[in-house]
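What follows draws every value from the coordinates through simple rules; no lab data is involved. The structure displayed is predicted, hence computed values, not measured ones. Note that we place each Cβ from the backbone using ideal geometry, even for glycine, and neighbour counts take in every protein chain shown.
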Amino acid sequence: MHKRAAISYFFITGFFILFAFQSAYAQDEEKVTIPLNHFYAEPTNSGGLRALISKLHFSFSPGYGRTFYSQDLSDFAILQPQNSGPVIFSKDRNISGGNISSAYRYWFNDVVADSSVSFNPASDFLVNSDTADIKYKAPGTSIPLTGSIHVEFDRYKIGGGFIFEYHRPGTFAPNMFEDELSTFDPDFGSTFYKKYFVLLGAKVYRYYEYVLAVDAQIGAFNLTKKFNKDVIQKGIYFNIGATIEREMSEYFSLFVRPSFDFKNFTVNMPETDLSVNTSMNAFYVSFGFIYRIPKLRKCFLKSCTTQINHQHGNKVYRSRVHPFYKWQNPHHGQNYPNLIKYKRKNKKKFNAY
């Protein structure tokens, strides 16, 4: 009897010990993930100023632009003397004695007035804007350099930027009566425009690493000293475009952006209430890159060759050897996804090593 009681006591005690151990293990099972959590310190650099700066996206892009100048001459009559360039004057002015007392021989970036223009009906050509909708048009070419900075919220972006643009205007020609009316050239060969803008946009479509965004620039433009600002009034300019991005990594993207500009300026004729409105609408294509400052600092150990984001002590760092223009693979960094013997000219060799 004593031996049976001892065996029963042993089994009962063992059952209670096993039950208590299983209950304790079940309570802690959800907290324990992998054993490495017991050996690595909890990272402490998950926020701060760098996390805020990492939200900023910087972009730079050169490009090419084509300007379509168009001048509204609806308030004027146009006279084409036989031996000089075109002359404009008020369509309401009466021509008496073959002379025009107040006319303008130039009206693009400045005003050149002529107080006495003679009119010979036998040889000169005269047309009034009441009988024909005449506009003087000219092409223009540009090379813009654009820099901007913006912040992204979900798929929306807001920011601002600056454009420095080299520009060459072309020859102004009439849209009708080309055989009777002559052309005229601007009094300068080239100039530089400056633009300041606010950027608003949104990403509307994604296909793997490709992203389509629509955005708009709203701002002001500077016509430089080659334009007489005493007689010129400018408005704001508006640009709308579509940005096609190719995401090379989480920090770096390449993009192409076709866009269209809407802008104009008005030349006021001195001592009159007349003015000439010049439209400067333009089409642009820009190619560039977008760079975002990484949230993590580069690893401080120069000898460290880890390709993934990793931890030293209680700080997390990004790799020193992984290029910023490649996607960060969480397992190996994918710095070298192909073996050397499969690259470039080594493909044709029997033994690349």
Given the conditions (1) surrounded by fewer than 18 Cβ atoms within 10 Å (Cβ to Cβ); (2) under 30 Å from His322 (Cα atoms); (3) in contact with a Phe, Trp or Tyr (Cβ under 7 Å, 6 or more places away or on another chain); (4) not basic (Lys, Arg), which single one is not true for Glu209?
(3)
Just a yes or no: is a residue in the range 241-254 assigned to a strand (DSSP E or B) and free of Cβ contacts under 8 Å to residues at least 12 places away in the same chain?
no
Just checking, how many residues over the range 189-206 are surrounded by 14 or more Cβ atoms within 10 Å (Cβ to Cβ) and closer than 19 Å to Val111 by Cα?
1
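If I ask for residues that are of a type in the set (Ser, Thr, Tyr) and either under 19 Å from the mean Cα position of the chain (by Cα) or under 23 Å from Ser61 (Cα atoms) (or both), which ones from the range 133-188 would you list? Break it down into steps so the answer makes sense when it comes.
Of the residues in the range 133-188, the ones of a type in the set (Ser, Thr, Tyr) are 136, 141-142, 146, 148, 156, 166, 171, 182-183.
Passing the criteria: Thr141, Ser142, Thr146, Ser148, Tyr156, Tyr166.
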Condition (residue is among the basic types (Lys, Arg) and part of a strand (DSSP E or B)) applied to the range 89-104: is it met by at least one residue?
no
Just give me the residues in the range 122-149 being part of a loop (DSSP other than H, G, I, E, B) and touching a residue at least 24 places away in the same chain (Cβ under 8 Å), in sequence order.
Ser123, Asp124, Ser129, Asp130, Ala132, Asp133, Ile134
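Would you please name the residue that is farthest from Ile244 (Cα to Cα), looking only at residues in the range 50-65 that are surrounded by 13 or more Cβ atoms within 10 Å (Cβ to Cβ) and more than 10 Å from the chain's Cα centre (by Cα)?
Of all residues in the range 50-65, those surrounded by 13 or more Cβ atoms within 10 Å (Cβ to Cβ) come to 50, 54-61, 63-65.
Adding the requirement that they be more than 10 Å from the chain's Cα centre (by Cα) leaves 50, 54-57, 63-65.
Numbers: Arg50: 28, Ser54: 22, Lys55: 20, Leu56: 19, His57: 16, Gly63: 15, Tyr64: 17, Gly65: 18 Å.
My answer is Arg50.
I'd like to verify a number: residues in the range 110-121 that are without any contact (Cβ under 8 Å) to a residue 40 or more places away in the chain and part of a strand (DSSP E or B), how many? Lay out the reasoning, then the answer.
So the first thing to find is which residues in the range 110-121 are without any contact (Cβ under 8 Å) to a residue 40 or more places away in the chain, and the list is 112, 114-118, 120-121.
Next, only the ones that are part of a strand (DSSP E or B) stay: 112, 114, 117-118.
Within the range 110-121, residues that are without any contact (Cβ under 8 Å) to a residue 40 or more places away in the chain and part of a strand (DSSP E or B) number 4.
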Quick check: anything in the range 129-141 crowded, with 16+ Cβ neighbours inside 10 Å and farther than 30 Å from Tyr284 by Cα?
yes
